[in-house]
Amino acid sequence: MSDVLFVKTSSLGDVIHHMPALTEARRRHPAHRFAWVVEESFAPLVRLHPAIDEVIPVASRRWRRSLPGPSMWGEVAAFWGAVRARHYDAIVDTQGLIRSALIARAARGRRHGYDAASIRERAASLLYDVRHRVAREQHAIARNRALTGLALGYVPEGPPDYGLDRARLSTPSAGRYTVLLQATAQRQKEWPVEHWIALGHSLCARGMRVVLPWGNASERERSSAIAAALPDADVPDLQPLDAVARLIAGASLVVGVDTGLLHLAGALGVPLVAIFVGSEPGLTGPIGQGSITVVGDKGKMPSAPAVIAAVARIA
């Protein structure tokens, strides 16, 4: 049996885009042991993947916001200890950043990553033992699968499989509802509140309950403002990602901007309408087995009627 360590710490969309590479690696190497270093808030979702044998959480985001002290330094020491606890036959950094490359460098084993021409932070490639050429023009899922295949000795084949089971995660008794994903960390990706309200009214008129999850205080404020204008809308409490995955898995439809949870809906095969405003769907658009409609493009905000029409075609 061989030990393999994957390094893909964040963000949520990037983590989800790495899951098909893990599924394929397990299919090609069923006896291997797979570990994954991931940001602590995303660890509950990664643990849902059946190919994972060990999750090593890293709290780099929280550490950056914390004042240095004995507790924080103890956590940092424990993390580095966990990374170095065993020798790996292959360490694969599909993140391709200096911070992820430093984690790969600290681990014990042969380190694989992108070469300087294939990576955003070129200096990161200097920290790998083996550097692979992977075209940057590909979708993120294809790049992750290509690098993993090069590191583990196979050529990726077939459509992406995220390894997540929608039927197992969903709760049939929850009824019919639509999840609206208005929250995004990047303001250029936002869709106006008044558009969300117009879409919500359209869904309510069709007898569909609306659910608006959120991740921080400002996102909760926006979700609450949209919900307050609708006759039947729910703003749930903040939940860990495995619970959010179950919420999305049970939805009849998801409509959202380009954010990690939108890609989670695609991974689960939930019918979805993706609203693109400030990013390119060709590079980061949702991919999955369910019905997917993309509306808008980078610098081209779609109107509320355009999104409502897209919803009507698939819902």
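The values are calculated or read from the model by the stated rules, or taken from the named source; none is laboratory data. Treat the numbers as computed from the prediction; the structure is a model and nothing was measured. Reconstructed Cβ throughout: ideal geometry from the backbone, glycine too, with neighbour counts over all protein chains shown. Only protein heavy atoms, including side chains, enter the accessible area calculation; ligands, DNA and RNA are left aside. Shrake-Rupley method; radii C 1.70, N 1.55, O 1.52, S 1.80 Å.
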Quiz item: Can you find a residue in the stretch 300-315 that is at pLDDT below 95 and surrounded by 21 or more Cβ atoms within 10 Å (Cβ to Cβ)?
Solution: no
Self-check item: Meets criteria (outside any strand (DSSP E or B), surrounded by fewer than 15 Cβ atoms within 10 Å (Cβ to Cβ), out of contact with any Asp or Glu (no Cβ under 6 Å at 6 or more places or on another chain) and of a type in the set (Gly, Ala, Ser)) for Ser223
Solution: no
Quiz item: From the residues in the stretch 267-294 that are surrounded by fewer than 22 Cβ atoms within 10 Å (Cβ to Cβ) and at pLDDT 95 or above, which one is nearest to Pro20 (Cα to Cα)?
Solution: Gly269
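Looking at Trp214, is it within 23 Å of Asp297 (Cα to Cα) and without any contact (Cβ under 8 Å) to a residue 40 or more places away in the chain?
Values: within 23 Å of Asp297 (Cα to Cα): no; without any contact (Cβ under 8 Å) to a residue 40 or more places away in the chain: yes.
Taking the combined requirement at face value, the residue does not satisfy it.
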Quiz item: Looking at (1) under 20 Å from the mean Cα position of the chain (by Cα); (2) crowded, with 18+ Cβ neighbours inside 10 Å; (3) assigned to a loop (DSSP other than H, G, I, E, B), can you tell me which one Leu238 breaks?
Solution: (2)
Practice problem: Might you check whether a residue that is free of Cβ contacts under 8 Å to residues at least 24 places away in the same chain and in contact with a Lys or Arg (Cβ under 6 Å, 6 or more places away or on another chain) occurs anywhere in the stretch 102-110? | Solution: no
Quiz item: Inside the stretch 34-57, can you point out the residues that are open to solvent by less than 50 Å² (accessible area, probe 1.4 Å), out of contact with any Phe, Trp or Tyr (no Cβ under 9 Å at 6 or more places or on another chain) and either under 18 Å from Asp89 (Cα atoms) or assigned to a loop (DSSP other than H, G, I, E, B) (or both)?
Solution: Leu48
Exercise. Would you please list the contacts, defined by Cβ atoms under 8 Å and residues six or more apart or on different chains, that run from a residue in the stretch 276-293 that is aromatic (Phe, Trp, Tyr) to a residue that is in a loop (DSSP other than H, G, I, E, B) and open to solvent by 50 Å² or more (accessible area, probe 1.4 Å)?
Key: Phe276/Lys298
